Ligand code: ATP
Ligand code: MG
């Protein structure tokens, strides 16, 4: 406990030294009790955002009106939220009113599921009024309080339940499941951005197939953009041999499975960024190339390193094969790392052909040289390149 939560405990000690109370809450407590890897650590405190700002030097006010700030501590970020309750979500997006409260018990009462409504003090002692620990042991997702009321308050919780099924391999407790089946239609009011976050996490979980089964049985998909008019897409996702971690991987996968899929439309309807679309498109282009030519030097050269992991996953998902070797190492051993390292430039080419007017042909020729060097068809030195250009690739007359 001490080593996992080292920095969080330090933060709690500093807050408590000023006479307030503070606890580790949410996913970190749940994952710790469930022997899972811990991501971010959230802290709940009786101190107000202003009081937190006075205690720590680096505080980012991300949601002061909801009582949330981020405290940077030893190069780590911690969300510190004031104990609060919420009343009503008439717009289905934000609680109408957030009220700061005195007790951690009132704060835990507003949380969605029993497994998420456990607090831990700085010594590791748990405060668990809804028997969340027992539910972790029984492997159940159970709403805190009356499930129907809780889902009417914020319908996103129903999608969160499915996401936890996928991530944590838990089952939805019967009364909670019944409430979901009754209330699922309310998700049509939610902002698609909130839906997308949960959907992405659901697909990324190890048990995405169990979650997708519920997704189908509870007719959740009918409230989803694009998916609702093409049921085969759900089937496609269900057939995935491994989970995909990002929505753009999912878009690329669907496109590879069915050429009719419009990735622009998918991106737009899930309100994803242009970057999501670019990544999906980059992945599809490379996967098509990979399918035809395998893993060429050129593919490795053109492909951004930030998408390597996604590419691996998709190759595995689509072709049931592993990418051979270490892409990063292969990239390092290419003849050049970028166009700048090419031994010739536009200026050299102009000198070689003094009689020819400048034009697009220079770029075209450079592209061909770049390709030939990357593919080891010529050495990257000026004489070899000049000879290669003269012998087999004289530039066109334009
Ligand atoms: P993750 O591992 O994905 O971060 P998490 O459970 O920590 O999972 P967060 O979205 O970070 O999820 O939320 C932190 C905590 O805030 C949750 O554990 C839960 O107690 C509470 N919470 C989050 N969203 C809701 C919601 N829509 N309704 C009620 N409580 C919520
Ligand atoms: Mg969290």
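Looking at segment 137-207, the helices (runs of 4 or more DSSP H) lying wholly inside it that each contain 2 or more residues that are more than 18 Å from the chain's Cα centre (by Cα) sit at 147-153, 156-168, 174-183.
Checking each residue in segment 139-150 for being buried (at least 23 other Cβ atoms within 10 Å of the Cβ) and farther than 22 Å from residue 208 by Cα picks out only 147.
Of all residues in segment 136-150, those satisfying the criterion of being more than 10 Å from ligand 1 (Cβ to nearest atom) and without any contact (Cβ under 8 Å) to a residue 60 or more places away in the chain are 137, 138, 139, 140, 141, 142, 145, 146, 147, 148, 149. Would you confirm whether or not segment 58-73 contains a residue that is more than 12 Å from ligand 1 (Cβ to nearest atom), in contact (Cβ under 8 Å) with a residue 40 or more places away in the chain, surrounded by 15 or more Cβ atoms within 10 Å (Cβ to Cβ) and assigned to a helix (DSSP H, G or I)? No: segment 58-73 contains no residue that is more than 12 Å from ligand 1 (Cβ to nearest atom), in contact (Cβ under 8 Å) with a residue 40 or more places away in the chain, surrounded by 15 or more Cβ atoms within 10 Å (Cβ to Cβ) and assigned to a helix (DSSP H, G or I).
For segment 241-351, which helices (runs of 4 or more DSSP H) that fit wholly inside it have 3 or more residues that are over 30 Å from residue 376 (Cα atoms)?
Working: elements: 247-257, 263-269, 274-293, 297-302, 308-319, 327-332.
Per the criteria, 247-257, 263-269, 274-293.
Only one of the numbered conditions (1) closer than 30 Å to residue 257 by Cβ; (2) modelled with pLDDT under 90 is violated by residue 317, and that is (2). The residues in segment 1-49 that are assigned to a helix (DSSP H, G or I), touching a helix residue (DSSP H, G or I) at 6+ places or on another chain (Cβ under 6 Å) and within 16 Å of ligand 1 (Cβ to nearest atom) can be counted, and the count is 2.
The values are calculated or read from the model by the stated rules, or taken from the named source; none is laboratory data. Because the structure is a prediction, the values reported are computed rather than measured. Every residue, glycine as well, gets a Cβ built from its backbone with ideal geometry; the counts of neighbours run over all protein chains shown.
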